[in-house]
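The values are calculated or read from the model by the stated rules, or taken from the named source; none is laboratory data. The structure presented is a predicted model; accordingly, all values stated were derived computationally and were not measured. Here the Cβ positions follow ideal geometry from the backbone for every residue, glycine too, while neighbour counts run over all protein chains shown. To get the accessible areas, we keep the full protein, side chains included, count just its heavy atoms, and leave off ligands, DNA and RNA. Shrake-Rupley method; radii C 1.70, N 1.55, O 1.52, S 1.80 Å.
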Amino acid sequence: MFDPFIAPSGTLLGLLQRGRGDGTLHALAAPRPEALAALNHCVLSDPRHDWQVENRSLYYARLYLDLDGGTEEIERHLWDAEDHLDTDDSRTGLALSVLGHLASYGRDDALVLLRRYAATGANWAWALDELALRDDDAGLRSLAEAVLGRFPATPDGAAGLAAAVRDAFEPRPWRLWADDPREAVGARVRAAGEQGSFDRWQRQMRPGGPRPGWSVQAVFDWAQEGLERGSALHVPAARCLSAVAGAGDRPLIVEAARGGSDGARCAALHYLAEARDPAVLDLVERAAVGPSRTVAEAAVAAFERMCGEAAVERARGWAHRPDALGASAAGVLACRGDVQDAPLVLAALREAVRGEGPDAQRLWALVDGAGRLGIACAAPVLRHVYRETSSSHLRGRAARALAATDPSFASGFAVECLWDCEETTRELAAHHAETGDIRVAERLRRLAADPAEEAEVQTAVRSRIGPDATAL
């Protein structure tokens, strides 16, 4: 999947793509055709950089309800000819999830589309998972023949069916079909379930990893073999070293970290970092500037996993470095430093935004650190990250940091966060939003009554509208 184009944050489309609460508020105030066009664009062209962790489906489904929007554009998207050419889950996953939420709100048109797509669409497994949570038994049973028809009565078809049953995210449809008295349905599903269990058992009986009795050198060889195959086994190899290494093996491990093969160096660095070996910080610094990028990245990752005052103290000296180790050191200070480290964290936060923009990966730790250390003068930068980032998770972290650093948060961003796409951000807003704004009281009541809302959000809401909350 290509990185999506994200519109400027000041536009309606840009707000909706980011999942910001202001997106909903602006859409409800905009002309309805314009709002629906922007909403459909988001649902049909997934704007998330990481669709597996960022939430948008409930956010968009609620807006469809508020705008009384139809599902015609979603239907055209699902049955486009491209559906059988581009079978990546990311093309249709968001649209199917939105339909799932609409179905849970009682939209029969969404339920019908999910059933049709589960029977005929390329991403049928996703649609079936949505139906497993929302459809009744009769509706699921009616799909049995269409779904099983995808798997011919051949060895390859049987293997594909076994994999589908084994890997199903929601097993409810398969359990219903396994009880079907028809030979072509119930018997096939039961046989596929048994085959999937047998396949899993066979994999467990043929482990490809370390064996009891391995030596330190054998673990290093295993890590190098994995690296040559394209598999990074540094961390599991370090765990293996913890199991097989004795006190007399330290010189061998230190020497491997200093000049062994790339796989051995990476594993040794992780092991020594976990053990807080006194030599590891010098070895990390040496590896971070070495010619091997693989070793350099492993060294930085090993350092980030270290705890203890020695690592924090060394981070204070490295935080000024312009390389990856310097960025990592600033992140360590953000996570584990104290008040004296606030200037270094703030400088790194500003530099990351200036140099890499509001979506930089290292901003996550720095934003958290600004909030943890209570750096009040970081609020302008945090507000910029909040407005501009396309990551709804990073925006939520910025909101949490602003709650700790910005006195205006409760009457400002906290209000719009009640409509945010991320439940953790809505939960934060439910705790902080000032109830003097009439929109807050009404929104809290609506969240409390919404059966699709997360339990943590509703708990936070009810803490504001209980018997003592007379303002509401």
Under the condition of being of a type in the set (Gly, Ala, Ser) and open to solvent by 20 Å² or more (accessible area, probe 1.4 Å), which residue from segment 132-161 is farthest from SER104 (Cα to Cα)? ALA153
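Could you tell me whether segment 10-18 includes any residue that is out of contact with any strand residue (DSSP E or B) (no Cβ under 9 Å at 6 or more places or on another chain), more than 17 Å from THR92 (Cβ to Cβ), of a type in the set (S, T, N, Q) and outside any helix (DSSP H, G or I)?
Of all residues in segment 10-18, those out of contact with any strand residue (DSSP E or B) (no Cβ under 9 Å at 6 or more places or on another chain) come to 10-18.
Of the ones still in play, those that are also more than 17 Å from THR92 (Cβ to Cβ) are 10-18.
Within this subset, residues satisfying the condition of being of a type in the set (S, T, N, Q) are 11, 17.
This time we only want the ones that are outside any helix (DSSP H, G or I), so: 11.
Yes, because at least one residue in segment 10-18 is out of contact with any strand residue (DSSP E or B) (no Cβ under 9 Å at 6 or more places or on another chain), more than 17 Å from THR92 (Cβ to Cβ), of a type in the set (S, T, N, Q) and outside any helix (DSSP H, G or I).
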With respect to GLY100, determine if the residue is closer than 22 Å to GLY139 by Cβ, of a type outside the set (A, V, I, L, M), part of a helix (DSSP H, G or I) and at pLDDT 95 or above. yes
Restricted to segment 14-57 and to residues being surrounded by fewer than 20 Cβ atoms within 10 Å (Cβ to Cβ) and among the aliphatic types (A, V, I, L, M), the residue nearest to HIS393 (Cα to Cα) is VAL53
Condition (residue is touching a helix residue (DSSP H, G or I) at 6+ places or on another chain (Cβ under 8 Å), assigned to a loop (DSSP other than H, G, I, E, B) and not basic (Lys, Arg)) applied to segment 421-431: is it met by at least one residue? yes
Yes or no: segment 162-178 includes at least one residue that is part of a loop (DSSP other than H, G, I, E, B), of a type in the set (A, V, I, L, M, F, W, C) and either surrounded by fewer than 16 Cβ atoms within 10 Å (Cβ to Cβ) or within 31 Å of the chain's Cα centre (by Cα) (or both). yes
Whichever residue in segment 440-455 is out of contact with any Ser or Thr (no Cβ under 6 Å at 6 or more places or on another chain), open to solvent by less than 30 Å² (accessible area, probe 1.4 Å) and not in a loop (DSSP other than H, G, I, E, B) and, among such residues, is farthest from LEU94 (Cα to Cα): VAL440
Only one of ARG395, ARG387 is assigned to a helix (DSSP H, G or I), touching a residue at least 40 places away in the same chain (Cβ under 8 Å) and either open to solvent by less than 60 Å² (accessible area, probe 1.4 Å) or in contact with a strand residue (DSSP E or B) (Cβ under 7 Å, 6 or more places away or on another chain) (or both). Can you tell me which? ARG395
Which numbered condition GLY106 fails, given (1) in a helix (DSSP H, G or I); (2) open to solvent by 50 Å² or more (accessible area, probe 1.4 Å); (3) not acidic (Asp, Glu): (1)
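Provide a single number: the residues in segment 324-338 that are open to solvent by less than 50 Å² (accessible area, probe 1.4 Å) and over 20 Å from ASP277 (Cβ atoms). Give the derivation first.
Filtering segment 324-338 down to residues open to solvent by less than 50 Å² (accessible area, probe 1.4 Å) leaves 325-334, 337.
Those still in the list that are over 20 Å from ASP277 (Cβ atoms) too: 326-327, 330-331, 333-334, 337.
Counting residues in segment 324-338 that are open to solvent by less than 50 Å² (accessible area, probe 1.4 Å) and over 20 Å from ASP277 (Cβ atoms) gives 7.
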Could you please let me know if ARG62 is at pLDDT below 95, of a type in the set (Lys, Arg), buried (at least 20 other Cβ atoms within 10 Å of the Cβ) and within 21 Å of SER390 (Cα to Cα)? no
Which of (1) within 28 Å of GLY23 (Cα to Cα); (2) open to solvent by less than 20 Å² (accessible area, probe 1.4 Å); (3) in contact with a Lys or Arg (Cβ under 9 Å, 6 or more places away or on another chain); (4) in contact (Cβ under 8 Å) with a residue 24 or more places away in the chain does HIS101 not meet, given it meets every other one? (2)
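Quick test for you: out of ASP368, ASP437, ASP420, pick the one residue that is in contact (Cβ under 8 Å) with a residue 60 or more places away in the chain and either buried (at least 19 other Cβ atoms within 10 Å of the Cβ) or on the phi < 0 side of the Ramachandran plot (or both). Walk me through how you get there before you give the answer.
Values: ASP368 fails: in contact (Cβ under 8 Å) with a residue 60 or more places away in the chain; ASP437 fails: in contact (Cβ under 8 Å) with a residue 60 or more places away in the chain.
Step by step, each of ASP368, ASP437, ASP420 is checked, and only ASP420 is in contact (Cβ under 8 Å) with a residue 60 or more places away in the chain and either buried (at least 19 other Cβ atoms within 10 Å of the Cβ) or on the phi < 0 side of the Ramachandran plot (or both).
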Among the numbered conditions (1) more than 20 Å from ASP341 (Cα to Cα); (2) open to solvent by 30 Å² or more (accessible area, probe 1.4 Å); (3) outside any loop (DSSP other than H, G, I, E, B), tell me where SER411 comes up short. (3)
I'm trying to understand the selection: among the residues of segment 69-96, which are touching a residue at least 12 places away in the same chain (Cβ under 8 Å) and in contact with a Lys or Arg (Cβ under 8 Å, 6 or more places away or on another chain)? THR71, ASP83, LEU94
So is VAL353 buried (at least 23 other Cβ atoms within 10 Å of the Cβ), β-branched (Val, Ile, Thr) and modelled with pLDDT of 95 or more or not? no
Report whether or not CYS307 is open to solvent by 30 Å² or more (accessible area, probe 1.4 Å), in a helix (DSSP H, G or I), closer than 26 Å to ALA370 by Cα and not acidic (Asp, Glu). no
Pairs, first on the phi > 0 side of the Ramachandran plot and at pLDDT 90 or above in segment 280-295, second open to solvent by less than 20 Å² (accessible area, probe 1.4 Å) and in a loop (DSSP other than H, G, I, E, B), C-beta under 7 Å, six or more apart: none
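At pLDDT 95 or above, of a type in the set (Asp, Glu) and open to solvent by 10 Å² or more (accessible area, probe 1.4 Å): does that describe GLU82? I'd like the intermediate steps shown before the answer.
Values: at pLDDT 95 or above: no; of a type in the set (Asp, Glu): yes; open to solvent by 10 Å² or more (accessible area, probe 1.4 Å): yes.
So GLU82 fails the test.
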